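The values are calculated or read from the model by the stated rules, or taken from the named source; none is laboratory data. From a predicted model like this one, the values you see are computed outputs, not experimental measurements. No Cβ is skipped: glycine too gets one built from the backbone with ideal geometry, and neighbour counts run over all protein chains shown.
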């Protein structure tokens with residue numbers, strides 16, 4: 001995807017950059033001139049990313065390991081742009097939610113965002129640069145979905161964390177926003193929603209009558225990272241085809 005926005009010379013960190021939305025954001029930012037560091041816990045994904053886009057630097061880390069993250073992200077920075085995209089979705093009926101699924105989801109979907117953002121925001125403040133952070137949330141933060149008790153809850157917590165971050169980091173000229181997509185047609189999304197009956201039930205609740213494509217999300221993230229959104233912070237940008245209004 002070619003971007004009309006320029007990030008030439010800006011340093012960006014993207015988490016969950018091995019696959020899907022995170023990978024597409026990393027590539028788009030790199031092609032728009034940014035110096036990108038891509039973080040993933042899967043080395044093979046990072047290797048294929050650097051083959052696709054040789055200028056991208058990589059960090060292979062499990063975000064649940066706070067000490068490793070503190071050391072590696074601290075050494076890789078400073079960054080001016082941050083996209084917290086890494087997430088897990090362990091879907092279980094409410095009565096069957098396990099402690100391990102809850103802990104893993106809290107660690108990645110909430111705790112890692114808080115921690116990585118702390119590290120990067122401190123760098124921004126020390127460098128006295130105006131920064132931008134985009135946290136990838138979900139329509140699931142706004143609407144209850146069956147078997148999504150933990151996922152909906154962690155994404156809702158992420159939305160509120162982002163608003164508090166926007167309030168506290170605003171005086172340091174750091175903007176914080178979320179994007180909240182509906183189902184996105186990543187490779188995983190196509191597999192998870194390949195059942196026509198399941199897909200139709202969701203699409204029927206979306207006024208535009210379709211799921212989001214990866215570029216729909218990438219374009220919104222790049223807009224929120226860019227100076228084109230210089231007066232926008234603490235916002236949740238819905239990329240849901242109207243799901244919430246139906």
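Observations on the structure shown:
- Residue 65 meets each of the listed conditions (1) closer than 16 Å to residue 112 by Cβ; (2) at pLDDT 95 or above; (3) surrounded by 13 or more Cβ atoms within 10 Å (Cβ to Cβ) apart from (2).
- Residue match in the range 118-135 (condition: touching a strand residue (DSSP E or B) at 6+ places or on another chain (Cβ under 7 Å) and closer than 15 Å to residue 243 by Cβ): no
Residue-by-condition table, conditions (1) out of contact with any helix residue (DSSP H, G or I) (no Cβ under 7 Å at 6 or more places or on another chain); (2) touching a residue at least 12 places away in the same chain (Cβ under 8 Å):
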residue: 49; (1), (2): no, yes
residue: 54; (1), (2): yes, no
residue: 61; (1), (2): no, yes
residue: 67; (1), (2): yes, no
residue: 80; (1), (2): no, yes
residue: 84; (1), (2): no, yes
residue: 89; (1), (2): no, yes
residue: 93; (1), (2): yes, yes
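- Test for residue 200: is it crowded, with 17+ Cβ neighbours inside 10 Å, farther than 26 Å from residue 228 by Cα and over 16 Å from the mean Cα position of the chain (by Cα): no
- Number of the condition not met by residue 33 [criteria: (1) surrounded by 17 or more Cβ atoms within 10 Å (Cβ to Cβ); (2) more than 19 Å from residue 74 (Cα to Cα)]: (1)
- Condition met for residue 162 (closer than 17 Å to residue 241 by Cβ and in contact (Cβ under 8 Å) with a residue 12 or more places away in the chain): no
- Qualifying position, being modelled with pLDDT under 95, under 19 Å from residue 17 (Cβ atoms) and either assigned to a helix (DSSP H, G or I) or under 15 Å from the mean Cα position of the chain (by Cα) (or both), among 132, 89: 89
- Members of the range 7-43 found to be part of a helix (DSSP H, G or I) and under 17 Å from residue 188 (Cα atoms), listed by number: 20, 21, 22, 23, 24, 25
- Residue in the range 151-174 that is surrounded by fewer than 14 Cβ atoms within 10 Å (Cβ to Cβ), within 19 Å of the chain's Cα centre (by Cα), modelled with pLDDT of 95 or more and closer than 23 Å to residue 78 by Cα present: yes
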